[in-house]
Amino acid sequence: GSAAMIAGALLCVLDRRSGKSTPVEWNFFAERAVWSKILVIMILGVTYGLVLDTWGYMLATAAFMFCATLLINRGHFVQNFLISTLFPVVTYAAFAVALQLSLPRGIIENMLPF
């Protein structure tokens with residue numbers, strides 16, 4: 001970790017000394033659609049974290065993934081639905097059932113026999 005930070009700092013110093021560096025243009029207005037998607041995904045992520053304990057892993061993850069894929073992968077409703085429902089089920093089976101790791105239990109998980 002510290003070696004990477006030292007190497008990064010060294011690269012910054014060398015870049016400044018070379019005089020060839022150009023200022024970064026963020027293009028907030030030119031790339032408004034991209035920045036809007038980033039903001040919505042961030043809000044979705046915070047909301048996901050807030051509802052995870054009450055809704056449980058599978059329901060919260062499915063809802064988060066469905067909203068995120070609708071935003072990113074427009075026009076592919078069936079594909080988005082399949083991905084957002086299969087991913088939490090497969091990962092829950094792998095981590096909570098097979099590896100016996102603790103994931104937040106909610107409405108759906110409390111109905112399961114295991």
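Structure data summary
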{"read-out": "Ellipticity estimate at 222 nm from DSSP helix runs (n ≥ 4, -39,500 (n - 2.57)) divided over the chain, nearest 500", "value": "-22500 deg cm²/dmol"}
{"read-out": "Rounded tilt (10° steps) of 57-72 against the dominant C-alpha axis of the chain", "value": "50 degrees"}
{"read-out": "Within a Gaussian network of the chain (alpha carbon springs, distance under 10 Å), most fluctuating of L50, L82, L11", "value": "L11"}
{"read-out": "Over the chain, relative contact order from alpha-carbon pairs under 8 Å, at least 6 apart, %", "value": "26 percent"}
{"read-out": "Region 1-84 pair-distance distribution - Cα-Cα, 5 Å bins, rounded %", "value": "3, 12, 14, 12, 11, 10, 12, 11, 9, 5, 1"}
{"read-out": "Interatomic Cα distance distribution for region 72-114, bins of 5 angstrom, percent", "value": "5, 19, 25, 19, 12, 12, 7, 1"}
{"read-out": "In nm, spacing of pseudo-spin labels at A4 and L112 (7 Å Cα→C-beta vector)", "value": "3.1 nm"}
{"read-out": "Projected label distance in nm at S18 and I43, using a 7 Å step from Cα toward the beta-carbon", "value": "4.0 nm"}
{"read-out": "Förster radius 35 Å - calculated FRET efficiency between R105 and R74 (Cβ-Cβ, nearest 0.05)", "value": "0.60"}
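Coordinate-derived values only; no laboratory data. These numbers were taken from a predicted model, which means no experiment stands behind them. Quick reminder, even Gly has a Cβ in these numbers, built from the backbone with ideal geometry, and neighbours come from all protein chains shown.
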